[in-house]
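Novice: Handing you a structure now.
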Amino acid sequence: MFRYFLHIAYKGTAYHGWQVQENAITVQQVINEKLSIILQEKINVTGAGRTDTGVHAEYFMLHFDVLKPIHDIAKFLDKMNKISPVDIAVYQLFKAPQEANVRFDALSRSYEYRITRTKNPFLTNLAWYYRVPLNVDLMGQAAKILFDYTDFTSFSKTGTQVKTNNCKIYEAKWLEKDNNMLIFKIKADRFLRNMVRAITGTLFDVGRGKLSLDDFRVIIESKNRSNAGLSVPAHGLFLTDIEYPEGLIKRV
C-alpha cells in the first residue's frame, strides 16, 4: 500500500462543502470518483479539514492509499485535471509515510475572509459585497485581542463534537487593498466549526460601532456563541494555506 498527499484547489460555490453526504454534491465525492477512475481501484480520500457549503480553498491537501505506486506523476496530474470539473484543480502529488495524516499532522491552517466595498460582478460568490462604513483600525485592534485567548467557544458552532475548543492563534489582521477590497487574515493551529466566519462577523460589529473593544473581550470570555455576532456569508471565505512538518512529504 502506498500513501500520497494531493494538493488541490476548488471554488466551493457549486458544492455542499468538502465532506461526502447523502443527496448532495461535495468536493470529496468528486475527488473520490475521479481518482477511482484513473487509478482503477476504489479510492476514499481523507481531507485536511472540512469546508462548509460555498466556502473556497486556494490550498487544500488530502491523502489517499493506493495498491500500486504512481510512476508518471505528470501524466497522473494531467488526467486528473482533464476529467475534473472546471471548479476543481489538481496541482501537486507528494509521497508520504503510511502513518502520515493530512488532518492530524497539520501544524497550522490559514484563512482569508474577503470583502468588496464596491459592487463588482466579477467577484460574485468570491467576496462579500458590504457597503456599510467600517472602522478598520478599531477592527484591527480587536483582532489583536484574539492573541490573549485560547478558548474560542464563543465562536464555535454549537453541538459540535470536539475534545477541546482551545486554539492557538498565530496571525489575525485586516488588510485594505487599493481596489476597495478588505481582507481578514487569520492563522491558527486548528479551527472550530464556523469559527472564522463568527469571528469576522463579531469584528464587523466592532467596526460598525455596535461593540467596543471591551465588549469584544467580554464576548470571548463568556464562552457563549449567542453573545457573539452573526456568521458572515460563506462565499467570502477562503482556505489559503496548510503547513506540515518539514520532511513529512516529498515531491514526486
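The values are calculated or read from the model by the stated rules, or taken from the named source; none is laboratory data. All of these numbers come straight from a predicted model, not from anything done at the bench. Cβ coordinates were reconstructed from backbone atoms using ideal geometry, including for glycine residues, and neighbour counts include every protein chain displayed.
Novice: Please return the ranges of strands (runs of 3 or more DSSP E) entirely within the stretch 80-195 where 3 or more residues are surrounded by 15 or more Cβ atoms within 10 Å (Cβ to Cβ) and more than 16 Å from the chain's Cα centre (by Cα).
Specialist: Hits in the stretch 80-195: 88-96.
Novice: Please go through the stretch 210-238 and pick out each residue that is aliphatic (A, V, I, L, M) and either surrounded by 13 or more Cβ atoms within 10 Å (Cβ to Cβ) or outside any loop (DSSP other than H, G, I, E, B) (or both).
Specialist: Leu211, Leu213, Val218, Ile219, Ile220, Ala228, Val232, Ala234, Leu237
Novice: Something else: Would you check which residues across the stretch 18-49 are small (Gly, Ala, Ser) and at pLDDT below 95 and list them?
Specialist: Matches in the stretch 18-49: Ala24, Gly49.
Novice: Answer yes or no: is there a residue in the stretch 53-66 that is touching a strand residue (DSSP E or B) at 6+ places or on another chain (Cβ under 9 Å), more than 25 Å from Asp241 (Cβ to Cβ) and of a type outside the set (D, E, K, R).
Specialist: Checking the stretch 53-66: at least one residue is touching a strand residue (DSSP E or B) at 6+ places or on another chain (Cβ under 9 Å), more than 25 Å from Asp241 (Cβ to Cβ) and of a type outside the set (D, E, K, R).
Novice: Could you tell me how many of the residues in the stretch 9-46 are of a type in the set (Lys, Arg) and touching a helix residue (DSSP H, G or I) at 6+ places or on another chain (Cβ under 6 Å)?
Specialist: Selection size over the stretch 9-46: 2.
Here is a yes/no grid of residues against (1) under 26 Å from Glu99 (Cβ atoms); (2) of a type outside the set (Gly, Ala, Ser):
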| site | (1), (2) |
| --- | --- |
| Lys163 | yes, yes |
| Asn166 | yes, yes |
| Met195 | no, yes |
| Asn224 | no, yes |
| Ala228 | no, no |
| Arg251 | yes, yes |
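Novice: Just checking, does the stretch 22-37 include any residue being surrounded by 15 or more Cβ atoms within 10 Å (Cβ to Cβ), under 24 Å from Ala100 (Cβ atoms) and touching a Pro at 6+ places or on another chain (Cβ under 8 Å)?
Specialist: Among the residues of the stretch 22-37, at least one is surrounded by 15 or more Cβ atoms within 10 Å (Cβ to Cβ), under 24 Å from Ala100 (Cβ atoms) and touching a Pro at 6+ places or on another chain (Cβ under 8 Å), which makes the answer yes.
Novice: Quick check, is Gly12 surrounded by fewer than 19 Cβ atoms within 10 Å (Cβ to Cβ), within 18 Å of the chain's Cα centre (by Cα) and not assigned by TED's automatic domain parsing to the domain that holds Lys157?
Specialist: So Gly12 fails the test.
Novice: Could you go through the stretch 151-170 and let me know if any residue there is in contact with a His (Cβ under 6 Å, 6 or more places away or on another chain) and of a type in the set (Val, Ile, Thr).
Specialist: There is no residue in the stretch 151-170 that is in contact with a His (Cβ under 6 Å, 6 or more places away or on another chain) and of a type in the set (Val, Ile, Thr).
Novice: Still on this structure, I have one more. Give all pairs with beta carbons closer than 6 Å in which a residue from the stretch 131-156 that is assigned by TED's automatic domain parsing to the domain that holds Ser226 and closer than 25 Å to Thr116 by Cα meets a residue that is among the β-branched types (Val, Ile, Thr) and surrounded by 18 or more Cβ atoms within 10 Å (Cβ to Cβ); count only pairs at least 6 apart in sequence or on separate chains.
Specialist: Leu138/Val206; Met139/Val206; Ala142/Val206; Leu146/Ile169; Phe155/Ile199
Novice: Let me ask something else about it. Kindly indicate whether Asp214 is touching a Gly at 6+ places or on another chain (Cβ under 6 Å) and not aliphatic (A, V, I, L, M).
Specialist: No: the conditions fail for Asp214.
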